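These notes concern the structure reproduced below.
Nothing in this text is a laboratory measurement; each read-out follows from the coordinates by a stated rule. For clarity, every value in this text was computed on a predicted model and none was experimentally measured. Cβ atoms come from the backbone with ideal geometry, glycine included; neighbour counts cover every protein chain shown.
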Amino acid sequence: MRAVIALAAALGSLLLGGCLLRLGGQQPLRARGWQEEEAGVAAVTPKVVRALRSPLTPLPQTENRTTANKNGIYQFEQASKCKAIQDNILSSSIKKKRYSEDYYLHIVTKLQNCTWIRRPEESTKFRSELASCCDAVHNFIASQNNSPLGSNMSYEVDSKKTILITEDIFKMLPVSSPLSVYPFKTCAVVGNGGILKNSSCGAEIDSSDFVFRCNLPPTTGSISKDVGNKTNLVTVNPSIIAQKYNKLNEKKTEFLENIAVYGDAFLLLPAFSFRSNTATSFKVYHTLKEFKATQRAIFFHPAYLKSLAQFWRTKGVKAYRLSSGFMITSAALELCENVKLYGFWPFSKSTEKMPISHHYYDNQLPKPGFHAMPKEYNQILQLHGKGILKLQFGKCESD
């Protein structure tokens, strides 16, 4: 009986002492699991075994706990720093109308050192906020459901002008949004920023369930390793059709050959944003239908774009018009569970001060004053910091 009491006392001192250390300053013993502990005390009385099994007296692990404490302190400090960066981004969007490139690059450099964590509750909250304002699920694409036959549709920018939804136009519209099979699990929104050069992001982009692209960018050849090939939806600026394909009055064959790389993607056009866009956008629709192309033309709903512009205006993004990339990002946040952005970089240099072309395929700059790129990017940085979307800053990790 004395031997049993002595054994129990010894075990008790180990439990209460909080450590399993070898004498002579050697390394801590490996903490054993519950099965090993039970095997080690098989000859002990049932009362002692019950005590060892009790959840009220767990076997502490000093080394692991110390490491955990250090990690916890480090993670807390990092989280505090990252929270401060996030607050700085938020305050900067309120205080000033304009910041320099160097200011934003300084913020991005800091943000890159923060581990990105998806926050589902923040995503759900923001998605709900967007849905109550704009409802991309039902209103993003003009359809027969949201554009009744015989109704007058107001243009997005030329808002004083309207277009009658005739039978011919009505037939061009899908019955309901072709994207209503949401939510997509993972979505990639691929911008055209020069930062995509040598990024090796192609495979990661192509692994997404749904890939959005902007303004008919090149995706074939050696560049595909950086930007990928997969395309489910690509926006089309009517100015590209006018300048490159003479509004499809000619060069139809060239146009069809060039868009073949997008497979069966949707071609999304702003037919009802400006009255001058309408005829060219309709010409794209009819050309695809005439030649039985695998692509399908669909149109932004102008009411959705107006609501979206108002939504972002309340958050400080005041521009003549939102960029296509920002429109698509906003829609993706409603339509997808996980959103990752690639090629969004409105700056002329990298965080290492290396020159970066405006696009990964050319250096043609947008019209000055047309978009509010830094303000849009500021909002994207906030969404990244809150864990609502993930922004790819540089190279992708290769397998």
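Sparsely packed loop sites in region 297-399 (the GluC sites (Glu not before Pro) outside DSSP H, G, I, E and B with at most 12 other Cβ atoms within 10 Å) comprise 352, 397. Other residues with beta-carbon under 13 Å from the beta-carbon of residue 156 carry, at +1 per Lys or Arg and -1 per Asp or Glu, a net charge of +4. Of the trypsin sites (Lys or Arg not before Pro) found in region 131-236, those that fall in a DSSP loop while having at most 15 other beta-carbon atoms within 10 Å are 160, 161, 197. Sort all Cα-Cα distances of region 227-304 into consecutive 5 angstrom bins from zero, then give the percent of pairs in each bin up to the one containing the longest distance. Per 5 Å bin, starting at 0, the Cα pair percentages come out as 3, 16, 28, 27, 17, 8, 1. Kirkwood analysis of region 120-391, using all unique Cα-Cα pairs, places the hydrodynamic radius at 19.1 Å.
When the Cα atoms of region 244-398 are aligned to their principal axes, the ranges along those axes come out at 47, 37, 34 Å in descending order. Region 264-290 to region 107-160: how many Å between their Cα centroids? Each part reduced to its Cα centre gives a spacing of 21 Å.
Scan region 235-278 for trypsin sites (Lys or Arg not before Pro) in coil per DSSP, keeping those whose Cβ has at most 15 other Cβ atoms within 10 Å, and list them by number. Here the trypsin sites (Lys or Arg not before Pro) that fit, given the DSSP loop and packing criteria, are 251.
Subtracting the Cα-Cα distance of residue 246 and residue 222 from their residue separation scaled by 0.36 nm leaves 5.8 nm. Taking Cβ atoms as reference points and 14 Å as the exclusive limit, the residues near residue 247 contribute a net charge of +2, counting Lys and Arg as +1 and Asp and Glu as -1.
Charge tally around residue 184: other residues with Cβ under 14 Å, Lys/Arg +1 each, Asp/Glu -1 each, net +1.
Pairs to check: 252/375; 125/160; 353/390. Give those whose C-alpha atoms are more than 31 Å from each other in this structure. Beyond 31 Å: 252/375; 125/160.
Measuring max minus min along each principal axis, the C-alpha atoms of region 175-216 give extents of 41, 21, 10 Å (largest first).
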